[in-house]
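Heads up: the structure comes next, in structure tokens.
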Amino acid sequence: MQKIGVFVCWCGSNIAATVDVAAVAEAVKGEPGVVFATDYQYMCSEGGQSLIKETIKEQGLTGVVICSCSPRMHEATFRKTVEAAGINPYMLEIANIREQCSWIHKNKEEGTEKAIILAKAAVAKLNLNTPLIAGESRVVKRALVIGGGIAGIQTALDIAEAGYEVDIVEKQPTIGGKMTQIDKTFPTLDCAACILTPKMVDAAQSEKINIYSYSEVEKVSGFVGNFSVTIKKKPRYVNSDLCTGCGACMEKCPSKKTPNEFNMGLDNRTAIYIPFAQAIPKVPVIDTAACLHFKTGKCGICQKTCSANAIDFDQKEELITKEYGAIVVATGFNPLKPTKFDEYQYNQCADVVTSLEFERLMNAAGPTKGVLLRPSDQSHPKKIVFVQCVGSRGQSCRDHSYCSKICCMYTAKHAMLVRDKYPDTDVTVFYIDVRTPGKNFDEFYRRAVEEYGVHYIKGMVGKVEQVDGSLKVQASDLLSNDQMVLDADMVVLATAVEPDPTAKSLATMLTASIDTNNFFTEAHPKLRPVESPTAGVYLSGVCQGPKDIPETVAQGSACAAKVIGLLAKDKLLSNPCVAHSDELLCNGCSTCANVCAYGAIDYVDKEVNDHGKREVRHIAVVNEAVCQGCGACTVTCPSGAMDLKGFANRQIMAEVDAICK
Amino acid sequence: MREINEMLKKKVSELLENGTADRIIGWQAGEFCYDVTPAVMRKDNLDELFYNGFCGANQSKYLIQESLEEGKVLALLKPCDTYSFNQLVKEHRVNREKVYALGIPCSGMLDVDKIKALGITGILSIEDNGEEIKVATMYGDKTCKRTEVLQERCKVCKGKEHKAYDELLIPDEDAPEVPNGEDRFELVNKLEAMTSQERFDFWRGELSKCIRCNACRNVCPACSCRTCVFDNDNSGVAAKSNADDFEENMFHIIRAFHVAGRCTDCGECSRVCPQHIPLHLLNRKFIKDIDEFYGEFQAGEDDTAKGPLTAYTEGDCEPSIVMEKGGEA
């Protein structure tokens with residue numbers, strides 16, 4: 001028989017305001033095994049933890065139930081507490097009476113009733129707990145960073161700086177990400193390339209960093225400290241070891257009509273191309289959809305031109321499998337393509353552009369060499385209208401509900417730069433709110449308005465129309481309650497930030513979670529912002545939510561600190577709450593192995609002794625070092641042979657019975 | 001049918017003679033000619049082998065035990081039995097190497113209760129010749145139309161193609177046509193159209209007839225566990241006295257969940273139920289839901305495909321959609 005102590009936390013008023021904590025302690029006193037029950041203001045405080053330890057010793061407790069916040073919050077804390085007092089850490093149960101009770105109830109009577117039920121369920125489960133011992137697993141001292149934008153580069157540089165090996169996997173032909181396409185950066189207006197390209201070079205030159213460009217993650221297995229990742233290296237059709245990056249092949253390539261992705265399709269590129277001059281690695285790729293050799297079997301001019309003999313039309317996709325201790329997701333974002341926003345005429349009118357397209361039109365390395373020209377007729381626009389929140393902060397199905405965070409600032413930047421370079425241009429910005437929290441951000445916006453004379457109008461654009469080669473913008477001014485029609489030569493849409501489309505499938509591969517917008521979810525929104533809920537998987541940059549460059553870099557470094565903390569360990573304690581199979585009940589149907597996301601279940605021919613009858617059976621065996629205790633096998637097993645230590649079927653049934661009593 | 005019987009006897013004795021198998025699962029009549037169960041036969045009692053419209057029993061389940069024994073067993077599989085056979089091979093419950101599967105044609109199995117309902121009693125034997133069934137009774141010979149006395153499950157036959165076999169008695173394309181064309185989800189649709197109270201009342205009415213004889217479980221090819229959870233003392237639900245008569249009904253609901261995604265809709269559960277509970281409707285509801293949520297899936301179509309409930313694809317419908325389809329609260 002267990003001797004159980006129950007400790008009910010007030011959590012200040014978080015719990016005590018909606019739950020009668022003393023009544024909960026009183027109600028569980030009669031439950032089987034309970035020898036002590038009390039309430040205390042903050043169980044997690046030093047005083048609360050001391051109370052638990054002293055009571056364990058005084059009462060000779062064998063198990064402890066703490067009625068408090070979610071186990072995600074303080075289970076680890078309390079496990080250490082009971083262990084310090086000599087109890088196995090798995091003889092602890094948490095009844096979550098905060099997130100699942102006090103925070104969602106208003107009526108104290110209802111809250112108290114539910115808290116009592118949850119406490120009784122935890123006691124019922126604890127009565128069936130057994131002490132569990134954690135095993136150990138090794139840590140592979142290498143990290144994988146998925147995504148080679150500024151976030152991934154920063155994380156990789158910091159991990160490498162600490163002396164650990166890092167691989168970067170980048171699906172594009174070059175690292176650098178979205179920041180390579182940006183002209184100037186707010187609020188200092190320094191040039192993006194000038195601050196980014198040295199970092200790209202640092203990453204390429206670091207002895208500890210290995211870059212897999214034009215590559216994708218194909219498969220992930222394993223667990224924290226022991227991931228095994230298969231990387232697919234797509235064929236460039238150019239031998240990176242031989243290529244000198246001279247660019248002669250690009251000059252001679254006769255296929256010159258492919259929209260240039262780097263310049264947002266505002267000019268064309270050749271079939272063999274290097275995305276931009278500072279690309280790393282500076283090795284071209286052949287776009288097989290455009291290449292005449294791949295389309296017709298003829299041509300091959302690049303091969304003849306290349307003095308290094310680097311062109312290899314027979315190059316094949318390569319699969320590389322490597323082990324990693326930690327994985328960093330840094331997959332970044334894409335700006336929304338406003339094809340569904342017909343009111344802005346983006347599909348119909350070349351002079352309606354997105355902000356990133358505008359960025360390229362202002363960039364010295366862009367299609368117009370930095371001279372602002374209208375895409376339709378290459379004339380200087382005299383009137384430009386900026387529309388904010390396109391696809392952000394909306395309610396309809398084509399909108400995202402979130403704020404993309406960076407658009408207010410980059411729109412102010414664009415407006416300011418236009419007015420600075422072309423003072424005769426009239427610039428109007430339509431906004432819902434101007435959001436400028438951040439160091440020197442509001443000052444920056446004020447400068448755009450006050451020094452540069454940008455017209456800011458609170459209100460949204462309802463319609464853009466093309467009339468005789470110029471644009472008519474219908475909008476409303478919400479402050480003066482006026483409807484207005486403006487003439488414009490160009491309209492710039494500040495389109496929403498969207499997670500990279502690979503996020504969803506990557507999250508599945510990593511068993512990491514994503515939110516309804518496909519941003520990766522952090523382990524705790526405040527206290528663990530750079531870790532995913534999956535141990536060993538970390539989040540860097542915009543994949544976790546919209547961010548500007550300084551925030552992205554800060555998060556990238558924070559993420560690296562977490563990775564370094566993990567890689568510095570020689571051994572990890574594994575979770576003892578793992579599955580095991582009852583060999584006498586196992587049918588050998590292999591359904592459990594089918595559903596196991598971790599490949600933790602093997603089938604072996606094993607001699608079993610079934611009540612004196614010895615026979616060889618084909619049965620499931622769990623590899624405890626690989627099992628993550630997710631429980632998928634236990635619910636799938638048709639015969640009930642699979643069970644989870646610490647969450648056994650009978651423990652869960654005991655909880656259900658206690659709740660339904 | 002006489003012709004098929006002769007071919008069958010000849011083929012079986014040939015296979016036993018040449019050592020392909022050392023025994024066969026055939027059928028054996030009980031006290032009445034329509035009371036037929038599978039039985040193991042060897043060369044010496046092969047004369048008793050017969051095959052007629054009452055040989056509905058699915059032999060697949062018997063192969064679990066038989067394929068553990070020494071030597072190879074010859075199984076006679078009707079087209080619909082091969083689905084269960086595949087499923088059991090996939091789950092490693094039947095050792096495929098210990099079985100020689102002879103595919104036999106089927107023109108639909110007969111429901112003796114339907115014959116009796118036509119006023120034909122005192123049945124001594126039947127002669128099954130295509131469209132017309134001749135029934136010899138204590139009161140003289142009677143006839144009835146085959147379509148009138150077919151088992152319910154045979155009216156929604158999966159077809160005459162064998163999905164697994166080592167050899168076919170006659171090629172599938174030469175086999176008799178099977179009646180088909182009825183919508184197998186017709187009754188499920190009716191149940192879905194009910195209010196939850198009506199549906200609850202319907203199932204309470206049916207399930208409270210249950211006498212827990214376990215016939216449905218014992219005959220079900222998907223109920224193939226070494227130790228059934230209801231027989232496992234440690235499970236907490238074995239042979240337990242029920243708090244109320246509703247808890248008793250849970251047996252069937254648990255069983256339906258247990259076989260969901262693996263049930264081939266062979267219909268044996270309803271065939272053997274002495275209380276005539278339409279148990280197959282529970283399974284068909286699951287099959288219909290699986291089809292709608294994850295795309296059409298027929299368990300046992302082959303012996304490799306992962307069932308939709310144990311495989312994950314990115315296109316799988318979200319849990320919220322599954323919830324919505326559960327009907328009104």
> Can you give the charge dipole size of the range A:543-649 about its Cα centre, rounded to the nearest 20 debye, using +1 on the beta carbon of Lys and Arg and -1 on the beta carbon of Asp and Glu?
Replying inline: 220 debye
>> With a 10 Å cut-off between alpha carbons and a GNM built on chain B, which of B:L191, B:L74, B:L207 moves the most?
In response: B:L191
>> Under 8 Å for C-alpha pairs, at least 6 residues apart: give me the relative contact order for chain B, rounded to a whole percent.
In response: 16 percent
> For the pair B and A, how large is the buried accessible area, both sides, in square angstrom to the nearest 100, if the probe is 1.4 Å?
Replying inline: 1400 Å²
> Counting only heavy atoms of protein chains, what accessible area per residue, in Å², does the protein assembly as shown have with a probe of 1.4 Å?
Replying inline: 46 Å²
>> Which residue, A:C101, A:P198, B:G119, has the largest displacement toward the positive end of the dipole of the protein assembly as shown when charges sit on each Cβ (Lys, Arg +1; Asp, Glu -1)?
In response: A:P198
> What does the helix-only formula give at 222 nm for chain A: each DSSP H stretch with n ≥ 4 adding -39500 (n - 2.57), the total divided by the residues, and the result rounded to the nearest 500 deg cm²/dmol?
Replying inline: -8000 deg cm²/dmol
>> Around B:N232, under 10 Å between beta carbons, what's the net of Lys plus Arg minus Asp minus Glu among the other residues?
In response: -2
> If one computes the Cα centroid of the range B:127-150 and of the range A:340-410, what distance in Å separates the two points?
Replying inline: 81 Å
> Averaged over B:218-224, how many beta carbons belonging to a partner chain fall within 10 Å of each residue's beta carbon?
Replying inline: 1
>> If I build a Gaussian network model for chain B, linking alpha-carbon pairs within less than 10 angstrom, which residue out of B:K190, B:K43, B:K288 has the largest mean-square fluctuation?
In response: B:K190
> Which of the residue pairs A:K606/B:K163; B:K134/B:K155; B:K61/B:K158 have a Cα-Cα distance greater than 22 Å in the structure shown?
Replying inline: A:K606/B:K163
>> Pick from B:N86, B:N129, B:N58 the residue whose mean-square fluctuation is largest in a GNM of chain B, springs joining Cα atoms under 10 Å.
In response: B:N129
> Looking at the range A:571-597, which residues lose a minimum of 50 Å² of accessible area between their chain alone and all protein chains in place, measuring with a 1.4 Å probe and not counting ligands or nucleic acids?
Replying inline: A:L585, A:N587, A:N594
> In the range A:4-126, what percent of the accessible surface is made up of carbon and sulfur (1.4 Å probe, ligands and nucleic acids excluded)?
Replying inline: 49 percent
> Please state the equivalent ellipsoid semi-axes for the protein assembly as shown: what are the square roots of 5 times the Cα gyration tensor eigenvalues, largest first, in whole Å?
Replying inline: 63, 40, 30
> Taking K and R as +1 and D and E as -1, what net charge do the other residues with C-beta under 14 Å from the C-beta of A:P576 add up to?
Replying inline: -3
>> For the ranges A:22-28, A:638-644, what's the packing order if you count other beta-carbon atoms within 10 Å of each residue, average per peptide, and put the highest first?
In response: A:638-644, A:22-28
> For the range A:170-193 and the range B:1-72, what is the separation of their C-alpha centers, rounded to whole Å?
Replying inline: 77 Å
>> For the range A:579-645, what does the relative contact order come out to in percent, with C-alpha contacts under 8 Å and a separation of six or more?
In response: 46 percent
> Residues of A:100-113, mean number of Cβ from any other protein chain within 10 Å of their own Cβ, rounded to a whole number?
Replying inline: 0
> Relative contact order, percent, of chain A when contacts are C-alpha pairs under 8 Å separated by at least 6 residues?
Replying inline: 13 percent
> Going highest first, how would you order B:117-124, A:348-355 by mean Cβ packing within 10 Å?
Replying inline: A:348-355, B:117-124
> Order of B:255-266, B:154-165, A:459-470, A:407-418 by packing, highest average Cβ count within 10 Å first?
Replying inline: A:407-418, B:255-266, B:154-165, A:459-470
> Mind checking the mean number of beta-carbon atoms from other chains within 10 Å of the Cβ atoms in B:90-99?
Replying inline: 2
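The values are calculated or read from the model by the stated rules, or taken from the named source; none is laboratory data. What you see is a predicted model; the values in this text were computed from it and never measured. Heads up, the Cβs are rebuilt from the backbone with ideal geometry, glycines too, and the neighbour counts pull from every protein chain shown. Surface accessibility is based on the protein's heavy atoms, side chains included, excluding ligands, DNA and RNA. Shrake-Rupley method; radii C 1.70, N 1.55, O 1.52, S 1.80 Å.
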